[in-house]
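A.B. asks: Take a look at this one; I'll ask things after.
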Number of protein chains: 2
Amino acid sequence: MREGPDIARIASLVGDPARANMLNALMGGTALTASELALEAGVSLPTASSHLSKLMEGGLLTLASQGRHRYYGLASAQVAGMIEAIIGVAEAVRPKRVRPGPRDAAMRVARVCYDHLAGEQAVAMLDRLFDRKLLLREDNQIRLSPAGASHFSALGIETHAKARRPVCRACLDWSVRRSHLAGTLGAAILDKIIAEKWARREKDSRAVVFSPTGRQAFERVFLS
Amino acid sequence: MREGPDIARIASLVGDPARANMLNALMGGTALTASELALEAGVSLPTASSHLSKLMEGGLLTLASQGRHRYYGLASAQVAGMIEAIIGVAEAVRPKRVRPGPRDAAMRVARVCYDHLAGEQAVAMLDRLFDRKLLLREDNQIRLSPAGASHFSALGIETHAKARRPVCRACLDWSVRRSHLAGTLGAAILDKIIAEKWARREKDSRAVVFSPTGRQAFERVFLS
DNA sequence: GGAATGCTTCGATGAGGATCGAACCATGCG
DNA sequence: CGCATGGTTCGATCCTCATCGAAGCATTCC
């Protein structure tokens, strides 16, 4: 009986430690090769390969072949959002940790969530965008206001809807437990932050570290 | 190897078909007993009990003992949100059938979500109840207005809060991606729809099919 | 008290799937 | 070409865990 989407199938794909590590590594937004992912997950290459084909068949990954390299990446922002949601629950449920390490702290402040910014900074930014009525909250959705459209356009950020991906989307933040901005606009803002060198990505981590002047610039543009 | 929150542990809890069915059943927001959940999942009572203790230990469920009954419910809205996210991916990834069968289409229009109505009809109804100020949106909750109380009372629908179950509750709709009405009021409305023979439940399915005259009556009362 | 109901624990069984070494394809390089 | 590198497939092994019947607690009803 019980028809409907096969949720157990999807969840069990994420439910294996090796696969979970791979997906977690891919949350950084860059596509990785099978060997990199094997290393990341701590399994042998054949094992990793087997997992990867399962994830592919499950529709969670995309594959881009380039010469003899094969780059695996998350299939969609929706998949990334799902993983964030699972991380959020795992985080909430986790037995009280001794103390969050320094890397954890940086992750809480700002990190990459697939292709957009997450963490305290990102949550604060979304709040501020609502306050300034650049974005409007509608039911469970987020919409760009006319004022917002011209504002972002002036910053050199395009806000036209392309393909089927929404411009604005709320994404629940596991560290802050409130929403931050995803969608093409969220991605474009992160692009700008990196392009302007306001912040750089920490090596081998999802953490995003702002420079002192970069932080000022970011706050001036998005938190003022 | 990165040691973040144990996402595999959480995902694997959802990754078993029996447990997934239980969680899915609990998405309605009502707490259920172990035997009801066993039936829902199609497993024996001992098996269900074993799954339930695992879900409890994983922090996904809460337990309320009342006499010899033990009511299991989702631990938090965060857990519900995670399950919704997984459903969303499963839905998006589901192998496109040649064409959505008639039953699938019917499911999208109207279906039972444990004990209340879901689908396009249900989402439209909730919108309309807000428009008419019979229900009020408060924070993330839904409250019955005085006007609403007398309105439903006139229809022969009792709206007194009984036990611990809320009268109104929002439930996210996987097909429409917006909220519909759950809670005792949602259940009572579905009861009325069936009692008035405006619609009947499709055998062995969650689909709810309105008769032509039944649809008119429903629209007059709830969508006008 | 005793019987009935609701649920959990125990024990035995079985199946699925994660794992790795070795062998096998494919691409690029000299 | 032949060799090296990146990746997948195959086969065998092993272990976890889902499952259910039977027995054991707990609570309520008569």
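Coordinate-derived values only; no laboratory data. As the structure is a computational prediction, the values presented were derived from the model and not from experiment. Here the Cβ is made from the backbone with ideal geometry for all residues, glycine too, and neighbour counts use every protein chain on show.
A.B. asks: Number of Lys pairs in chain A with C-alpha atoms less than 23 angstrom apart, excluding same-chain neighbours closer than eight positions?
C.D. replies: Lysine pairs, 8 or more places apart or on different chains, close enough: 4.
A.B. asks: Also: Could you give the alpha-carbon Rg of the protein assembly as shown over 2.2 N^0.38 Å, rounded to two decimals?
C.D. replies: 1.04
A.B. asks: Oh, and also: Compute the longest continuous run of chain A that contains no exposed trypsin sites (Lys or Arg not before Pro); treat a site as exposed when its DSSP state is not H, G, I, E or B and it has at most 10 other Cβ atoms within 10 Å.
C.D. replies: Between exposed loop sites, the widest span is A:1-67.
A.B. asks: Suppose you put the label 7 Å out from Cα in the Cβ direction; list, shortest first and in nm with one decimal, how far B:G42 is from each other copy's label.
C.D. replies: From this label point to the equivalent ones elsewhere in the assembly: 3.6 nm.
A.B. asks: Taking Rh as the Kirkwood radius computed over C-alpha pairs, what is the Stokes-Einstein D of chain A at 25 °C in a medium of viscosity 0.890 mPa s, expressed in µm² per second?
C.D. replies: Using the Kirkwood radius from Cα pairs, D works out to 131 µm²/s.
A.B. asks: Same structure again: Residue-wise, which Karplus ³J(HN,Hα) couplings in Hz belong to segment B:129-134, taking 6.51 cos²θ - 1.76 cosθ + 1.60, θ = phi - 60°, and x for glycine or proline?
C.D. replies: Result, ordered by residue: 5, 5, 4, 7, 6, 7 Hz.
A.B. asks: Let me ask something else about it. Let me know the charge dipole size of segment A:7-75 about its Cα centre in debye, to the nearest 20, where only the beta-carbon of Lys, Arg (+1) and Asp, Glu (-1) is charged.
C.D. replies: Here the size comes out at about 140 debye.
A.B. asks: List the distances, in nm and shortest first, from the label point of B:T62 to the matching label points in every other copy, placing each point 7 Å from Cα along the Cα-to-Cβ direction.
C.D. replies: With the label placed 7 Å along Cα→Cβ, B:T62 yields 4.0 nm.
A.B. asks: For chain A, take the longest principal axis of its alpha carbons; what is the angle in degrees between that and the long axis of helix A:77-93, to the nearest 10 within 0 to 90?
C.D. replies: 80
A.B. asks: For helix A:17-26, what angle does its Cα long axis make with the longest principal axis of chain A, in degrees from 0 to 90 and rounded to 10?
C.D. replies: With rounding to tens, the tilt is 30 degrees.
A.B. asks: Ok, one more. What is the gain in length, in nm to one decimal, between A:R132 and A:L155 on full extension, counting 0.36 nm per residue of separation less the C-alpha to C-alpha distance?
C.D. replies: Extra length from A:R132 to A:L155 when fully extended: 6.7 nm.
A.B. asks: Still on this model: Using only the alpha carbon atoms of segment B:20-73, find the Kirkwood hydrodynamic radius as the inverse mean reciprocal pair distance, in angstroms to one decimal.
C.D. replies: Across segment B:20-73, the inverse of the average 1/r is 10.9 Å.
A.B. asks: Let me ask you something else. Which one, A:M107, A:G183, A:P166, projects farthest toward the positive side of the charge dipole computed for segment A:78-223 from Cβ point charges (K/R +1, D/E -1)?
C.D. replies: Positive-end residue among those listed: A:M107.
A.B. asks: Which distances, in nm and shortest first, link the A:K133 label point to the same label point in every other copy, taking 7 Å along Cα→Cβ?
C.D. replies: 2.3
A.B. asks: Sticking with this structure for a sec: Amide H of A:L135: which non-local residues (sequence gap of 5 or more, or other chain) have their own amide H closer than 5 Å, using H built in the peptide plane?
C.D. replies: A:F130, A:S145
A.B. asks: Hey, got the dipole for segment A:78-223? About the Cα centre, +1 on K and R Cβ, -1 on D and E Cβ, debye to the nearest 20?
C.D. replies: 280
A.B. asks: Tell me, in nm to one decimal, what length is gained between B:V109 and B:I194 on full extension, where the rule is 0.36 nm per residue of separation less the Cα-Cα distance?
C.D. replies: The B:V109-B:I194 span can extend by a further 29.0 nm.
A.B. asks: Which residues' amide hydrogens lie under 5 Å from the amide hydrogen of B:C113, considering only partners 5 or more residues apart or on another chain, with H built in the peptide plane?
C.D. replies: For B:C113, whose amide H was placed from the backbone, the distant partners under 5 Å are B:A118.
A.B. asks: Dipole size in debye (nearest 20) for the protein assembly as shown around its Cα centre, Lys and Arg Cβ +1, Asp and Glu Cβ -1?
C.D. replies: 280
A.B. asks: List the relative contact order of chain A as a percent without decimals, with contacts defined as Cα pairs under 8 Å and 6+ residues apart.
C.D. replies: Reported relative contact order: 17 percent.
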